[in-house]
Amino acid sequence: MTANRLAESLLALSQQEELADLPKDYLLSESEDEGDNDGERKHQKLLEAISSLDGKNRRKLAERSEASLKVSEFNVSSEGSGEKLVLADLLEPVKTSSSLATVKKQLSRVKSKKTVELPLNKEEIERIHREVAFNKTAQVLSKWDPVVLKNRQAEQLVFPLEKEEPAIAPIEHVLSGWKARTPLEQEIFNLLHKNKQPVTDPLLTPVEKASLRAMSLEEAKMRRAELQRARALQSYYEAKARREKKIKSKKYHKVVKKGKAKKALKEFEQLRKVNPAAALEELEKIEKARMMERMSLKHQNSGKWAKSKAIMAKYDLEARQAMQEQLSKNKELTQKLQVASESEEEEGGTEDVEELLVPDVVNEVQMNADGPNPWMLRSCTSDTKEAATQEDPEQLPELEAHGVSESEGEERPMAEEEILLREFEERRSLRKRSELSQDAEPAGSQETIDSGSQEVLSELRVLSQKLKENHQSRKQKASSEGTIPQVQREEPAPEEEEPLLLQRPERVQTLEELEELGKEECFQNKELPRPVLEEQQSERTPNNRPDAPKEKKKKEQMIDLQNLLTTQSPSVKSLAVPTIEELEDEEERNHRQMIKEAFAGDDVIRDFLKEKREAVEASKPKDVDLTLPGWGEWGGVGLKPSAKKRRRFLIKAPEGPPRKDKNLPNVIISEKRNIHAAAHQVQVLPYPFTHHRQFERTIQTPIGSTWNTQRAFQKLTTPKVVTKPGHIIKPIKAEDVGYQSSSRSDLPVIQRNPKRITTRHNKEEKL
Amino acid sequence: MQWPPPWRRSPLVSATPPPGPTTGLLRPRRVSEAGDSSTEGARTGHSHYVTPAESAMERRSQPFPSLRPASPTNAPAHGRGSDCTAKEPPLANVCRQNYGAAQDPVEPAGRRSASHVTGSSLGKAEVACGRRWRWAELVANSSWSPAGRATEMKVKMLSRNPDNYVRETKLDLQRVPRNYDPALHPFEVPREYVRALNATKLERVFAKPFLASLDGHRDGVNCLAKHPENLATVLSGACDGEVRIWNLTQRNCIRTIQAHEGFVRGICTRFCGTSFFTVGDDKTVKQWKMDGPGYGDEEEPLHTILGKTVYTGIDHHWKEAVFATCGQQVDIWDEQRTNPICSMTWGFDSISSVKFNPIETFLLGSCASDRNIVLYDMRQATPLKKVILDMRTNTICWNPMEAFIFTAANEDYNLYTFDMRALDTPVMVHMDHVSAVLDVDYSPTGKEFVSASFDKSIRIFPVDKSRSREVYHTKRMQHVICVKWTSDSKYIMCGSDEMNIRLWKANASEKLGVLTSREKAAKDYNQKLKEKFQHYPHIKRIARHRHLPKSIYSQIQEQRIMKEARRRKEVNRIKHSKPGSVPIVSEKKKHVVAVVK
């Protein structure tokens, strides 16, 4: 193969080369010729000019001239050699005659026909015949596919397939072998014959037969009438729909639309009662419609119609109403369905709002269920924590309590914080009281709210100041412990807020929420300078070492808060003492610690031991208690059978064989497998089943009459193939399965075509 | 009348004897009537027999199960299942009264009637019945007082319809009510498993397939033919040119014809069963009448066709007066002509057998000794396709229920089932024989086929399984040359080298003869159980166990080893060569050399 291909490619290449060469040669030869033929060409031109003078475009006739420079091999001048010989030319006489014209025409017709291709060789023809025949046969056979499939899948096949007619001979057959002998019989037969009654073969008279046949016609007619009716109804319906569509009256359409809307509403109401899930879906659709409306602004007063109405509205009451209607519709459509309680936020204490929005429980649930990797999430949030500002001082007392109990190192600063927060608490209560008073007098509430918010802000400011002092003192402490010299920082505000900030992210789980909160904060604390915030962001870079100890402490608190760890794991304890290797990559370490903490609760080894103990217990044979309370003594509530009796009727379980995993502390070997039962169990899933449960289910459904009713039992035990003894089962026929058997004979084509047979016979004779 | 039994009597009622004077005994007839009406309720509610424990429980839950005074209209016209509920008075009154509460002034003591029948002894019942009529009159006259309904109490009624348990005639079977509560019939799987195991064992115990041996031929039986209309008639041709017609019911030969010189190569019956055709080594095709010649007449064929070459096989068309022979080529003959209508060839090798498709009757299949199977279309007088296998195919057989399926018996010990539209891969390769397969015949149901082999055994294969479900052999049976499945699909006949035709049951353990309905049900149930638990190792082992002659057994072992070696080699080759360079050929494709269009 490859050699062949190679040869082919070579050939192609050489041809290409030739082609490339060709024009060059050609040019060359021409230039050579040019010199020689110069004179002759002029001469030719002259001749042509002369011939053209004639008016007709005369055919050049090759003239034979001895003196030609070009002498061909065959002693014939090569001039005019490029022209093809036209058959008609041969016929060209000196004078044109009408008789020759027809011949010319015929000649041209002959010329237009193409040459006939060579016939294929016999083998190939036969092959084609075979293929065609095979395809045809396959097609014929494919009609059996559904039948075969049906029979293969049949629940039960009863053979023989065709219903056998009861072998009762028809009366005419009986009669045919019987002859009238007695005079009476003869007389009767005569009568019958006279009246053309069928005596023997056809039991029905021709008239009767005809009437019978007519029955089918009637049926056909009825069927046709039915069809006609259906078609007519359809066309009526269509016409009606078209007519309704054409109605121009807007009022009509409005009424129709309203009716539809009402109906839809009613349906929705019903759906809500019956199927809340579907109703929800419906609601979503409505919501989507609202969105579309909002996007399209269809019912705003910007449309052509609306504009025109706006102009009219000045004078026309109706137009005004229409406009109003549209606007109301717009409002209705664009109104959101679920209204969140956001109004409170601006008025009241932010803390309360916070609580309302993100209750503890919700957050905890989220913590457990939400997100693929909760501890990773936490690390993220810890990063962003500081971006937001402090918010939730209510939380702090608890935190303090935990913090104090945990670590001595933190005790002092926490205490300080506590004091601070108490102050804050007091102020808050004060403010609340003032708010209450504000609520009492609704007039001028706006101003009071403003003042309230001002108050909050001022408080915050004070708080931050205090915190700053506190924090700085702590920082110093940290720096004395740390190995790397601390970078003195000038920005007070962010630092102050950090510790408090760190405490609240337990409640806020996602970045988005945090951001939102941050925004709210920003909105409220407008006094906080923006550049400061930016600084804050910049501080999040890893080289910002001094934050680390604080962060750790906070994390600790956070974990305790959530009560993730029931027991204090050693890793956490070690963390309590701030031993920081600052040289390590901070983030990575942080991450690892985080994971450690997350898994601190599950003690794998202890769990395993427990599991093993349980497994051993479960596998041990149990004692059998056969005491019958109240048997031979008094029984009742609160009365126990006597110890003696219990001892007497307790059957102690024999000590089982030693477990295989007795000396293997790290392994549990299940001893559930019963080798005695295994001999009776199926090891491999049998073929048609795809899952062991399927197989088990088939086994578990009993088929016996003990468990099933008689009818069900019969149904369950029907044999797949039923044959009747003594009945011949014929091969399946097309008629049996509703196909028409071909009326065509199976005899070969030749047989049916006598002409061809004779030819064939003749051939044979010749042979 | 001892109903209800003593332990069913309500202790409450018996404790408080009915008030009212005891009148004289009434006629027993009346008693029975009354008893009927009341006990009917007591019996029907339960589909199973009541045990003492249950009855005790009932007593606790429903103190008066049968408190139902029959209304006057009902009492005389009481029949089976008559609807009493419509005219019943409210039950509340009845109950209240029976608990000994204050009675309505209008109601006399006799209202207690029905309860007394149930609750107390026979004598009391009689008394009650006596009173009942009086009470009934009252009911008819006065409506129930509304005060009676003030304290309503629900009482569960037991109702019994005698239709459910009384048989109409003595010949009827007693209806046995059953409770199908699964809690009452535990361990269904183990119990059915044991039943299945027993059924399998019994099947093996009763597996006695051999029915009869028809002897009479004086040379090996070369071919067999079934009578299309008569189940009892079988024709056989022997290697000495003798044709015999057998009666299976009498198990004897009814006619003997010296048909040919040399082998009778093929035999087939006409579709109507009036005549049959034979071909022999003497290059003749002969048509014979099915009925013997009259007394004193010579045994002569109807027609004799002298051919140029030896014919090796013959088959008759299923509907028309056309038959096909094979030898050098496949010839289609009209019965009336001495020349073939057409002859079809493809290649130049001797064709060993030709078979008409029983469903699409214009199709023919043949197999030649140059290892190929050729399909022909008679209508178009052309071959269709050819498939070349590893080794020679001895014969083919069409599935009588599936038009495009045929099975080929091959020399390489296997059988191949083909879909004739896709010849490049057999639908199934059936392997179990340990020597060349000589003949194959389908069951008329098209679900199974039987194959005869040179290894002195015949095997039954399900069409869709590659392994046989049954193997038949006897000590004296030699190489089996021909095999036929009878048209009622119950029996199998095989003709072998040692001059005998043997008759087997197609289902080895089947009971012959008429089955009672219970036998039939048991058979079906056992069959289903066997199917259900067929994958369980014990059952599988027992069901598959067959005794085999030593030759076959050792051959099987040997071949297993050979096959394993071959497989191992192939695996090794694949393992040690470049991935993808050694193609993995499936078992089905392995044996097909080529398909020629």
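Computed values, structure above
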{"read-out": "Residue ID - farthest from the other protein chains (Cβ to nearest Cβ), chosen from residues in the stretch B:332-350 that are closer than 24 Å to B:Val596 by Cα and open to solvent by 10 Å² or more (accessible area, probe 1.4 Å)", "value": "B:Ser350"}
{"read-out": "Residue in the stretch B:254-271 that is within 16 Å of B:Asp497 (Cα to Cα) and either in contact with a Pro (Cβ under 7 Å, 6 or more places away or on another chain) or of a type in the set (Ser, Thr, Tyr) (or both) present", "value": "no"}
{"read-out": "Subset of the stretch A:148-163 (residues that are open to solvent by 100 Å² or more (accessible area, probe 1.4 Å) and either more than 10 Å from chain B (Cβ to nearest Cβ) or not basic (Lys, Arg) (or both))", "value": "A:Lys150, A:Gln153, A:Glu155, A:Lys163"}
{"read-out": "B:Ile481 vs. criteria buried (at least 24 other Cβ atoms within 10 Å of the Cβ) and under 32 Å from the mean Cα position of the chain (by Cα)", "value": "no"}
{"read-out": "Selection count, the stretch B:156-208, where residues are of a type in the set (Ser, Thr, Tyr), within 32 Å of the chain's Cα centre (by Cα) and in a loop (DSSP other than H, G, I, E, B)", "value": "1"}
{"read-out": "Matching entry among A:Ser112, A:Ser72, A:Ser98, A:Ser51 (being among the hydroxyl-bearing types (Ser, Thr, Tyr), over 59 Å from the mean Cα position of the chain (by Cα) and at pLDDT below 60)", "value": "A:Ser72"}
{"read-out": "Qualifying residue in the stretch B:501-511 (condition: assigned to a loop (DSSP other than H, G, I, E, B), in contact with a strand residue (DSSP E or B) (Cβ under 7 Å, 6 or more places away or on another chain) and more than 30 Å from B:Ser352 (Cα to Cα))", "value": "yes"}
{"read-out": "Pairs where the first residue, in the stretch A:128-147, is more than 7 Å from every other protein chain (Cβ to nearest Cβ) and part of a helix (DSSP H, G or I) and the second is buried (at least 17 other Cβ atoms within 10 Å of the Cβ) and hydrophobic (A, V, I, L, M, F, W, C), C-beta under 8 Å, 6+ apart", "value": "A:Val147/A:Ile732"}
{"read-out": "Answer residue from the stretch A:660-680, given it is hydrophobic (A, V, I, L, M, F, W, C) and either in contact with a Lys or Arg (Cβ under 6 Å, 6 or more places away or on another chain) or closer than 18 Å to A:Lys610 by Cα (or both) and is farthest from the other protein chains (Cβ to nearest Cβ) among those", "value": "A:Leu664"}
{"read-out": "Meets criteria (open to solvent by 10 Å² or more (accessible area, probe 1.4 Å), at pLDDT below 95 and within 9 Å of another protein chain (Cβ to nearest Cβ)) for B:Arg379", "value": "yes"}
{"read-out": "Residue list for the stretch A:719-734, restricted to those being in a loop (DSSP other than H, G, I, E, B), facing chain B (nearest Cβ under 7 Å) and open to solvent by 30 Å² or more (accessible area, probe 1.4 Å)", "value": "A:Pro719, A:Pro725, A:Gly726, A:His727, A:Ile728"}
{"read-out": "Number of the exception - B:Glu470 against (1) within 13 Å of chain A (Cβ to nearest Cβ); (2) in contact (Cβ under 8 Å) with a residue 40 or more places away in the chain; (3) among the charged types (D, E, K, R)", "value": "(1)"}
{"read-out": "Single match in B:Thr417, B:Thr395, B:Thr425 (criterion: in contact with a strand residue (DSSP E or B) (Cβ under 6 Å, 6 or more places away or on another chain), more than 14 Å from chain A (Cβ to nearest Cβ) and closer than 22 Å to B:Phe449 by Cα)", "value": "B:Thr395"}
{"read-out": "For B:Leu384: the one exception among (1) assigned to a strand (DSSP E or B); (2) more than 9 Å from chain A (Cβ to nearest Cβ)", "value": "(2)"}
{"read-out": "Residues of the stretch B:429-449 satisfying the condition of being in contact (Cβ under 8 Å) with a residue 60 or more places away in the chain and farther than 22 Å from A:Lys733 by Cβ", "value": "B:Val429, B:Val434, B:Ser435"}
{"read-out": "Where B:Leu235 falls short, out of the listed (1) open to solvent by 10 Å² or more (accessible area, probe 1.4 Å); (2) in contact (Cβ under 8 Å) with a residue 24 or more places away in the chain", "value": "(1)"}
{"read-out": "Neighbours by Cβ (under 6 Å, 6+ apart or cross-chain): first from the stretch A:724-736, under 14 Å from B:Trp318 (Cβ atoms); second crowded, with 16+ Cβ neighbours inside 10 Å and among the β-branched types (Val, Ile, Thr)", "value": "A:Pro731/B:Ile359; A:Ile732/B:Ile359"}
{"read-out": "Residue in the stretch B:279-297 that is open to solvent by 50 Å² or more (accessible area, probe 1.4 Å) and not in a loop (DSSP other than H, G, I, E, B) present", "value": "yes"}
{"read-out": "Filtered residues of the stretch B:311-331 (kept if open to solvent by less than 30 Å² (accessible area, probe 1.4 Å) and more than 37 Å from the chain's Cα centre (by Cα))", "value": "B:Tyr311, B:Thr325, B:Cys326, B:Gly327, B:Val330, B:Asp331"}
{"read-out": "Test: residue in the stretch A:682-695 that is more than 12 Å from chain B (Cβ to nearest Cβ) and either open to solvent by less than 40 Å² (accessible area, probe 1.4 Å) or not in a loop (DSSP other than H, G, I, E, B) (or both)", "value": "yes"}
{"read-out": "Boolean, A:Arg648 is away from chain B (no Cβ under 14 Å), open to solvent by 90 Å² or more (accessible area, probe 1.4 Å) and closer than 30 Å to B:Lys465 by Cβ", "value": "no"}
{"read-out": "Yes/no for B:Lys308 being assigned to a loop (DSSP other than H, G, I, E, B), away from chain A (no Cβ under 12 Å), open to solvent by 40 Å² or more (accessible area, probe 1.4 Å) and touching a residue at least 24 places away in the same chain (Cβ under 8 Å)", "value": "yes"}
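The values are calculated or read from the model by the stated rules, or taken from the named source; none is laboratory data. For clarity, every value in this text was computed on a predicted model and none was experimentally measured. Counting neighbours? That spans all protein chains shown, and the Cβs are built from the backbone with ideal geometry, glycine included. Side chains are part of the model used for accessible areas, which takes the heavy atoms of the whole protein and leaves out ligands, DNA and RNA. Shrake-Rupley method; radii C 1.70, N 1.55, O 1.52, S 1.80 Å.
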